[in-house]
Amino acid sequence: MSNRRKGVRAGFGPIQLILLGFALSAAIRIGGQGVAVAQGVGAPPEPSVPEQVDCPADPDIAGLLAGIRERQSQLETREREIAERRLLLDDVEKRIEAELEKLRMAEQRLAETLAIADSAAENDLARLTSVYENMKPGNAADLFAVMDMTFAAGFLSRMKPQAAAGILSEMPAEAAYSISVVMAGRNANAPTE
């Protein structure tokens with residue numbers, strides 16, 4: 001136990017093992033086999049590069065690739081056609097919009113012209129009705145007797161009731177009756193509600 005107390009141990013310590021390893025290494029090298037061992041053990045083998053071998057392409061893959069390329073070409077052609085059509089359609093759409101605008105303007109002008117014509121016709125009818133109202137009932141009755149019944153009924157319905165009554169009373173009975181039937185039937189089909 002006295003050896004242990006002084007720090008000496010029985011067996012080898014780490015330093016002694018390292019020194020022993022150096023000594024063995026030196027002995028192997030001095031013996032001449034160290035170089036051979038180092039070359040045989042330590043040298044990595046030369047990497048071998050396999051020769052480049054041309055593998056024939058699988059006909060299915062080659063055909064598939066050709067098909068894909070052909071389809072891609074078709075799709076690109078189709079995209080160009082669609083783009084060209086889209087441009088044409090945009091142009092046609094613009095022309096249609098311009099024509100529709102022209103039609104809207106023409107329709108508006110026509111409506112204005114019809115309104116003017118309707119107003120002028122209404123003014124003419126009002127003036128002519130006033131003329132017939134102011135005529136002597138006998139003279140007006142002679143005119144109304146030769147008029148178309150529908151036409152005569154239109155004028156009489158626009159007149160004041162007293163003037164219309166005076167004209168109808170001067171007309172022959174059959175003509176006055178026919179005009180009265182037309183006047184009564186004018187609004188028969190009008191909605192009541």
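Please give the peptides 120-129, 148-157 ranked by average Cβ packing (other Cβ atoms within 10 Å per residue), highest first, as a rough proxy for protection.
Most protected by this proxy first, the peptides run 148-157, 120-129.
Could you work out how far apart the two model spin labels at residue 27 and residue 123 are, taking each label as a point 7 Å from the Cα in the direction of the beta carbon, and quote it in nm?
Between residue 27 and residue 123, the simple spin-label model gives 14.2 nm.
Work the Kirkwood hydrodynamic radius out for segment 58-119: mean of 1/r over every pair of different alpha-carbon atoms, inverted, in Å.
16.1
Could you grab the relative contact order for segment 135-188? Cα pairs under 8 Å, six or more apart, rounded to a whole percent.
Once divided by the residue count of segment 135-188, the mean separation gives 48 percent.
Sort 116, 179 so the one with the fewest other Cβ atoms within 10 Å of its own Cβ comes first.
Going from least to most buried by this count: 116, 179.
Which of the peptides 163-173, 92-102 is most tightly packed, and how do the rest follow, judged by the mean count of other Cβ atoms within 10 Å per residue?
Put in order of decreasing packing, that is 163-173, 92-102.
Bear in mind these aren't lab numbers, they're just calculated from the coordinates by the rules spelled out. Note that this is a predicted model, so its numbers are computed, not measured. Reconstructed Cβ throughout: ideal geometry from the backbone, glycine too, with neighbour counts over all protein chains shown.
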